[in-house]
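Enquirer: One structure coming up, written as structure tokens, with questions to follow.
The values are calculated or read from the model by the stated rules, or taken from the named source; none is laboratory data. What you see is a predicted model, and the numbers here were worked out from it, not measured in a lab. Positions of Cβ are backbone-derived with ideal geometry, glycine not excepted, and every protein chain shown enters the neighbour counts. The area values use the complete protein model at the heavy-atom level, side chains included, leaving out ligands, DNA and RNA. Shrake-Rupley method; radii C 1.70, N 1.55, O 1.52, S 1.80 Å.
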Amino acid sequence: MQTSNIDREWDVIIVGGGVVGCAVMRKFTLLGARVLLLERGGDILSGASKANSAILHTGFDAPPASVELDCMKRGYEEFLSIHRHFNLPVLKTGAFVVAWDEAQLKALPGIVEKAHQNGIMNVREISVDALYQQEPNLGKGALGAVSVPDECVIDPWSTPLAYMTQAVEHGAKYEFHCEVTHGEFNDDRWTLTTSKGDFRTKIVINCAGINGDIVENICRPSPFTIHPRKGQFLVFDKSAAQSIDAIILPVPTAVTKGVLISKTIFGNLLVGPTAEEQEDRWHAAVSKPMLEDLKQQGTALLPSLINHAVTATYAGLRPATEYKDYQLSCVREKNWLCAGGIRSTGLTSALGIAQVLAELFEMHLNDKIQCSPVQDIHWPKMPNLAQHLTRAYEQPDNGGVVCHCELVTQSEIEAVFASSVPPECIGGLRRRTRVMMGRCNGFYCSSHVNKLIDQNIEQNLSVGDIL
């Protein structure tokens, strides 16, 4: 846990601890800057980044020549070049974009053409027979498909944690439960007012996600407005994951990529997301009618799902704007960088966004701070949570299994609190270990977990004495 004695003077302050903020924190720390990240939640990924489909996209269907495509391709390439250093898993599934009516079938050649225009040359149209040969459990009625061999599934939570942990182990700091409320720019420096007092910095980087326009207004009238777009998901039991091998994608529309079916890296099967516009940017509640609709769509695509239980549901808010592309910018006269409007592709593009922001810094702001890039890079190893790789419960001296649904051990929970970036909320502990995220949702293990949490989290699971 960070302390109140933390320095108040920094080279760079990043606002927002989503996947983009964590990647940018890593990038600028390795460039040699003194970096502080401020996050209003109790852990990283407390906002938009905590709810996504966990796919590492190739960018085959991104708008050609867009900033989004550039960042996705850079992010995809860098992730695959570094993931083994962090012990981050990759599940190479590939994907099929499936047409279910004549209009969608006619759209398939255009999807292949766009993929080739985007440089993804192994994307090709396949026959309906070839589709059912590879995915025999799909529902009847498919008319054709596009094969995207290089789409992958990754760990959506350990990945940004690895980025932040590397930054912290090279000297960066962070503050959770720290909301930025105001800022003043004087004498070529920013003073940011937060719920934990004032911090001064030479450069601010806005990675505030769903609150990106609010934070941008600290620097200037925001050139974009966040329009929250809710996505709801169903998670089916691990037994369902054997029903498919590849990610099953719909033919996208102008508004959304549509409802997909995918294995998760944790061995479950995911159906979602919805795409619902809403005004509220703080609450992402699931709704029974939408979940029932998702279940119907899922069982239509994969009829065997009717035999498997839904073990979890969740919803997240994507920070859509009035623009289709990312909003990356530099305001030189205010020492300010911005990564706004990062929608559902942020997990893939985060490292690429960090590269682009670093380039904007080099072009416009490198006279503001003196940086000496890190020469001897340390690579912290993330504990493996992937179902297809060896887990802690299979290793000796694990302290015993605490969560039998997700097979989480005592040693894994203890290691989280001994790590360089311990969580400060229950949600953070769940995301880092999978504890209480299985079939029973913590019904059987929460008491044991509460004892292990002890004083490490202020708001633990205790309900007090029962008379």
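Enquirer: Relative contact order for region 118-226 using alpha-carbon pairs under 8 Å, separation at least 6, rounded to a whole percent?
Expert: The value is 14 percent.
Enquirer: Report, to the nearest whole %, how much of the accessible area of region 239-370 belongs to carbon and sulfur atoms, 1.4 Å probe, protein only.
Expert: 53
Enquirer: Show me, for region 138-150, the HN-Hα J-couplings you get by feeding each phi into the Karplus relation (A = 6.51, B = -1.76, C = 1.60, θ = phi - 60°), rounded to Hz, glycine and proline as x.
Expert: Working through the residues one at a time gives 4, x, 5, x, 5, 10, x, 7, 10, 8, 10, x, 9 Hz.
Enquirer: If you don't mind, there's one more thing I want to ask. Using the Karplus curve 6.51 cos²θ - 1.76 cosθ + 1.60 with θ = phi - 60°, work out ³J(HN,Hα) for each residue of region 12-20 in order, rounded to whole Hz, and write x for Gly and Pro.
Expert: Rounded to whole hertz, the list is 9, 10, 9, 9, x, x, x, 5, 5.
Enquirer: Right, here's the next one. Using DSSP to call loops (not H, G, I, E or B), can you name the chymotrypsin sites (Phe, Trp or Tyr not before Pro) in region 198-304 whose Cβ has at most 11 other Cβ atoms within 10 angstrom?
Expert: For chymotrypsin sites (Phe, Trp or Tyr not before Pro) across region 198-304 that sit outside H, G, I, E and B with at most 11 neighbouring Cβ atoms in 10 Å, the list reads 282.
Enquirer: Helix-only mean residue ellipticity at 222 nm, the chain, DSSP H runs n ≥ 4 weighted -39,500 (n - 2.57), per residue, nearest 500. What is it?
Expert: Dividing the helical sum by the residues of the chain leaves -9000 deg cm²/dmol.
Enquirer: Based on the Cβ-Cβ distance from residue 415 to residue 85, what FRET efficiency comes out when R0 is 25 Å, to the nearest 0.05? The partial results should precede the final answer.
Expert: Numbers: r = 19 Å, r/R0 = 0.76.
About 0.85, to the nearest 0.05.
Enquirer: With each label point set 7 Å from Cα along the Cα-Cβ vector, what nm distance links residue 66 and residue 287?
Expert: 2.6
Enquirer: What do you get for trypsin sites (Lys or Arg not before Pro) in region 275-368 restricted to DSSP loop and a cutoff of at most 13 other Cβ within 10 Å of the site's Cβ?
Expert: 324
Enquirer: Among the DSSP beta bridges whose two residues both lie in the chain, what percent are antiparallel, rounded to the nearest 5?
Expert: Beta bridges within the chain, antiparallel portion: roughly 70 percent.
Enquirer: My understanding is that a pair violates if its Cα-Cα distance is over 32 Å; which of 106/230; 73/334; 106/324; 27/295; 114/263; 196/238 do that in this structure?
Expert: 27/295; 196/238
Enquirer: Right, something else. Where only protein heavy atoms count, and the probe is 1.4 Å, what is the accessible area per residue for region 91-238 in Å²?
Expert: Numbers: 5810 Å² over 148 residues.
That works out to 39 Å² for each residue.
Enquirer: Please tell me the relative contact order of region 290-437 in percent, rounded to the nearest whole number, where contacts are Cα pairs under 8 Å and at least six residues apart.
Expert: On the way: 113 pairs, mean separation 18.0, N = 148.
It rounds to 12 percent for region 290-437.
Enquirer: Could I ask something else about it? Suppose every Lys and Arg Cβ carries +1 and every Asp and Glu Cβ carries -1, with no other charges. What dipole size does the chain come out with about its Cα centre, to the nearest 20 debye?
Expert: 320
Enquirer: Follow-up. Using a Debye calculation, one point per C-alpha and no hydration shell, please list log10 I(q)/I(0) for region 136-289 at q = 0.12, 0.14 Å⁻¹ in order.
Expert: Debye intensities relative to I(0), on a log10 scale: -0.80, -0.98.
Enquirer: Can you give me the long-range amide H partners of residue 321? Hydrogens built in the peptide plane at 1.01 Å from N, cutoff under 5 Å, separation of 5 or more residues or another chain.
Expert: So residue 321 has HN proximity to 227.
Enquirer: So what is the relative contact order for the chain, in percent, with contacts set as C-alpha pairs under 8 Å and at least six apart? Show your work: numbers first, answer last.
Expert: Working: 1016 pairs, mean separation 100.9, N = 467.
It comes to 22 percent, rounded to a whole number.
Enquirer: Continuing with this model, one more query. Between the DSSP loop rule and a limit of at most 14 other Cβ atoms within 10 Å, which chymotrypsin sites (Phe, Trp or Tyr not before Pro) in region 292-358 are left?
Expert: Listed in order of number, the matching sites are 323.
Enquirer: On the accessible surface of region 55-164, probed at 1.4 Å, how many percent belong to carbon and sulfur atoms?
Expert: On the way: 2360 of 4530 Å².
The computed percentage sits at 52.
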